[in-house]
2 protein chains.
Amino acid sequence: MMEDNSVGSPKAIGVFDSGVGGLTVLKALINRFPNESFIYLGDTAHLPYGAKSPETITRLVDQNIKFLAKNGVKAAVVACNSASTVITEDTMHGIPIYNVIDPGAQAAVNASHSGKIGILGTRATVKSASYPTRIKNLNPEAKVVSQACPLFVPFAEEGLQDDPLTNLIVYRYLTPLLQETVDTIVLGCTHYPILKASIAKVTGPNIALVDSGEAIADQIQADFDSGKLEKSTDSPTLKLSVTDETDFFMQLAKMILGTDNAQEILRVNPTDPDCSIW
Amino acid sequence: MMEDNSVGSPKAIGVFDSGVGGLTVLKALINRFPNESFIYLGDTAHLPYGAKSPETITRLVDQNIKFLAKNGVKAAVVACNSASTVITEDTMHGIPIYNVIDPGAQAAVNASHSGKIGILGTRATVKSASYPTRIKNLNPEAKVVSQACPLFVPFAEEGLQDDPLTNLIVYRYLTPLLQETVDTIVLGCTHYPILKASIAKVTGPNIALVDSGEAIADQIQADFDSGKLEKSTDSPTLKLSVTDETDFFMQLAKMILGTDNAQEILRVNPTDPDCSIW
């Protein structure tokens, strides 16, 4: 049963993704803000968002942000590029929203000397052209090359980050970007940092890799510094929740967050008005 | 708008899957029964079923069968192993239901001389133990070895059936079954026939491969012969429908069914009472 106890709850930052990918963002935020509380919502009943239409993604995002807002978060991080492509507002259901694309685009423009920037993403993210559009808004001279990498998510989810097959897939997807001599590559899907070592092996030391988690942490830091977002004064807590089966999620949560952080996972139903994370 | 025109519609066989995998079953049925009409429903808004919980799959299956029944089909083929694992009835919403597991289990028992049978499937299918249970009901002496192949679906969906990377993945998943000296392997996911050539290269000529589409066609043939299911006397028609974005589905439908069969795809919403395929 839902009780109206959000007043007494620590004011957490909500982090939401279709599944486990957003855990790479959560990990970056926990590392950067160890005194903050977090609620993670993995919408595993509806993953993957990367192959869904904008209308379907919009409906799911709205439903999940509403659920986080009801659970009293002070802000929500949409830690999913496919979901971020459909977000047009700075606030939803009364709370500020951080999408991963704006800080990723800004970090890429800051990092690139040549203005030649590569984007790796799901089919939905690439098709949306969100990164090229926002990068060109920041630097109209930029040249942006996008590459959909549909096999990266299954490889990351299978925990194959150290596998020789992963290197072969990485070579295949990255070759077109290397041929265009990009000097910066955006990991435009929150799963991709899991494969970062393999990607870095192929790009070498002269190409900057932009990781959404770090870029969003920079933005939140700026909002803490300016007072736009209030720092927590309570003891930090972490709640992980998912909308479907928990076993496989738990395995990956342990891999990404470490076993200290991933200890218990709630199963929730955002469409049930009686369902609460607290 | 839905009109009650099911009486005037050709009595089609409904075929339903979470996405494109069931098209391999549809293709086998079209080849075997060229005078029958078919309605295909791909629940692409909710794919993949293979990673979902039994409760979620049960709810989706019920919703989709109800939709096909409303559209006047004379029978429904659940052309998805993950969905078939949750089906316990022979009829649903007033129409006979064909699941892929029973005929696959029967075909495996018929094909195996040694009684050592391998099952390839999604995590959900392997976890359900549906094949081992049904095979042991038919032959209590059988030894069944199961192997989850979570990368087969993305490889099949990427159209990588002739790719050297696919062979490497196939070797990896099949090695445990070869080590157990199975003489029969069930392709326990309707996507897997897309990779059949690559799988056959690894198994060699002495291991029988059981394909769900063929096994279900045998069962329907038997029901036509016994008069349990009525043959169509109308001109055959084919309707393809999906619950989400159609572009990627169309590409794969052309690959699997050929361009003559895959010409138009309807987008439908089974939960909308006004939505109809006819």
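The values are calculated or read from the model by the stated rules, or taken from the named source; none is laboratory data. Every value quoted in this text rests on a predicted model; they were computed, and no experiment measured them. All Cβ positions, glycine included, derive from the backbone under ideal geometry; neighbour counts span all protein chains shown. We work out accessible area using only protein heavy atoms, side chains counted, and drop any ligands, DNA or RNA first. Shrake-Rupley method; radii C 1.70, N 1.55, O 1.52, S 1.80 Å.
General remarks:
- Test for B:Gly21: is it out of contact with any strand residue (DSSP E or B) (no Cβ under 7 Å at 6 or more places or on another chain), open to solvent by less than 10 Å² (accessible area, probe 1.4 Å) and in contact (Cβ under 8 Å) with a residue 40 or more places away in the chain: yes
- Residue in region B:154-163 that is nearest to B:Gly19 (Cα to Cα), counting only those that are part of a helix (DSSP H, G or I) and facing chain A (nearest Cβ under 8 Å): B:Glu157
- The set of residues in region B:90-127 that are acidic (Asp, Glu) and touching a strand residue (DSSP E or B) at 6+ places or on another chain (Cβ under 8 Å) contains only B:Asp90.
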